[in-house]
Amino acid sequence: MSEAERAKANADGGESDPASRELPDWFDAVAEDVLEYCRPKQGLWVDLGCGSGGLGFALAQVSESAILLIDPNADALAKAVERARASGLSARVVPIVSSAEHIPLAEKSVDLVTSRGSIFFWKDPPQGLREVYRILRPGGRALVGGGFGTSYPAWAHKEFFRRCRDSRPKKENRTEEEKPAERAERPYETVRPWNEPRRPEWLAEQVQAAGIEAALVEPTPPGLWLLFERGRT
Ligand SMILES: C[S@@+](CC[C@H](N)C(=O)[O-])C[C@H]1O[C@@H](n2cnc3c(N)ncnc32)[C@H](O)[C@@H]1O
C-alpha cells in the first residue's frame, strides 16, 4: 500500500461507512505512548484510576513489570480481577481500592505511574498529582491525562466521539428517568461536568496548584497528557 493509500485508509477506515465498523481497542496504542514517553524501568508500575484495567493489562502484555491497578470503584476492579485470573496474570496484576488523593504506597516506591481518563474526575487533582510525584522513584516518570494513543486510527477516534454524541441524550432533552440512570452508570462524573476540564489550561492550573514541575505533552498524541519525572534525589 502506498503512503497516500495508507493515509486515506487511516482517515476513513478504508470503508465508506465507519459507523458500521467495530472500533478497535485503544489501550495498546496508549501503552505504546506510555513506553515511548516514560521509558520506564521494569519493576513496579501503577495504572491510576484504572477502571477495569484496560491500560494496565495492555502494559502487562508488553512488559514483565508488576502492575498495580488503583481505583476507588471496587466493582470495576472486580472485573479486572476476573480478567487477571482468566489471562493467568493474577501474580503480576494486582488491584487496590483507593483514590489518587490517598495512594497507599510508600514514597519513592514505583517506577512508572500512568493514568488515563481519570484526573478529570478526581476530587482534588493537585493532591492526586502530589501523590503521584511522592510515590515515584527518583528518575521515575508519570504520564497522566486522557486520550487514545498516537497510533490509534484517526477514523476510529472521530467515530468514537460521534457515537458518544449520538448515544447521550442532550442535557436539555433528558427525561427525569434518564437522569439518575445515567448518573448510576457513570458515577465518577459527579465531581465536575465531563467536558469542563478537558483543556490544556485546566491541566496546567492543576500542576501549578500541586507545586510540581510537569509539562503538557506537545505535539500531543490524540488527547491531553501531562508528563513528569521525579528528580534524581
Ligand atoms: C472514564 S474512567 C477511565 C477508566 C480507565 N482508566 C480507562 O482508560 O478506561 C474514570 C475512572 O477514574 C476513576 N476515579 C474517579 N475518581 C477517582 C479518584 N479520586 N482517584 C482515582 N480514580 C478515580 C473512576 O472510578 C473511573 O474508573
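Values in this text are rule-based calculations from the coordinates and carry no lab data. Predicted model, so just to flag it, every value in this text is computed and none were measured. Positions of Cβ are generated from backbone atoms using ideal geometry, with glycine treated the same way; all protein chains shown enter the neighbour counts.
Could you give the length gained by full extension between Arg134 and Glu201, i.e. 0.36 nm per residue of separation minus their alpha carbon distance, to one decimal place? Please report the intermediate quantities before stating the final value.
Numbers: separation 67, 0.36 × 67 = 24.12 nm, distance 2.35 nm.
Computed gain between Arg134 and Glu201 is 21.8 nm.
HN-Hα J couplings of segment 108-122 from phi, Karplus 6.51/-1.76/1.60, θ = phi - 60°, integer Hz, Gly and Pro as x?
These are the phi-based 3J(HN,Hα) values: 6, 10, 10, 8, 7, 10, 10, 8, 10, x, 10, 3, 5, 10, 5 Hz.
Looking at the calculated P(r) for segment 92-141, what percent of the C-alpha pair distances fall above 12 Å?
Numbers: 782 of 1225 pairs.
Distances greater than 12 Å cover 64 percent of the Cα pairs.
Along the Cα→Cβ direction, 7 angstrom out, place labels at Gln208 and Lys79. What is the inter-label distance in nm?
According to this spin-label approximation, the distance is 3.7 nm.
Convert each backbone phi in segment 95-102 into a coupling constant with the Karplus relation 6.51 cos²θ - 1.76 cosθ + 1.60 (shift: θ = phi - 60°), then list the ³J(HN,Hα) values in order as whole Hz, x for Gly and Pro.
With coefficients 6.51, -1.76 and 1.60, one gets x, 9, 7, 6, 10, 4, 6, 9 Hz.
Glu177 versus Leu216, label points 7 Å from Cα toward the beta carbon: distance in nm?
Simple spin-label model gives 4.3 nm for this pair.
What distance in nm lies between label points placed 7 Å from Cα along the C-beta direction at Phe161 and Arg92?
3.5 nm
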